[in-house]
Structures are given as structure tokens and as C-alpha cells.
Amino acid sequence: MAENIQDLKGKTVKITQTRSTIGGLKNQEQTLKTLGLRKIGQSTVRELTPATYGMVKTVQHLVDVEEVA
């Protein structure tokens, strides 16, 4: 995950699932599905809006976030 994700607000980011949802909470699994992530290693590119930021914070231990140039 980026050093400080708050610095990326309003920018385009690449979100990659790095860990499994097995044994996790149901809302975390649903959040990943909402972000468009189903498998480990799968990525999606999104603008980091307040809604997306909240979803990323919910699953921050399961994903990596990188800024897209």
C-alpha cells in the first residue's frame, strides 16, 4: 500500500488484490467485489474518491495501492 494513501486523494490509482478473503469478514469480501476484485493478483484502476478511499481503508490489509501516471 502507498506510504500515505491520503496524499493520493483525487488521483487515479491501481488497486491490486494481494491476499485472500478466506477467513475474512463478509463485508470485506463484498467490498473487494464492489471494487471489481475477485482473485489474488487481479487489478483495477479507479479514481480515488472519498467512497473509493473508504473501501480501500476497509480492505487495506488485502490490497496494494499504486498511483497511476
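Laboratory data are not the source of any read-out in this text; all were calculated from the coordinates shown. Computed from a prediction, not measured in an experiment: that's the story for all the values here.
Here are the numbers:
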{"quantity": "Per residue, the convex hull volume that the Cα atoms of the chain enclose (Å³)", "calculated": "74 Å³"}
{"quantity": "Helix 26-35 vs. the chain, principal-axis angle (Cα, 0 to 90°, nearest 10)", "calculated": "50 degrees"}
{"quantity": "Added length on full extension, which subtracts the Cα-Cα distance from 0.36 nm per residue, K9 to L25", "calculated": "3.2 nm"}
{"quantity": "Integer Hz, Karplus 6.51/-1.76/1.60 couplings in order for region 6-23, x for Gly and Pro", "calculated": "5, 5, 9, 4, x, 9, 8, 10, 9, 10, 10, 6, 10, 9, 7, 8, 4, x"}
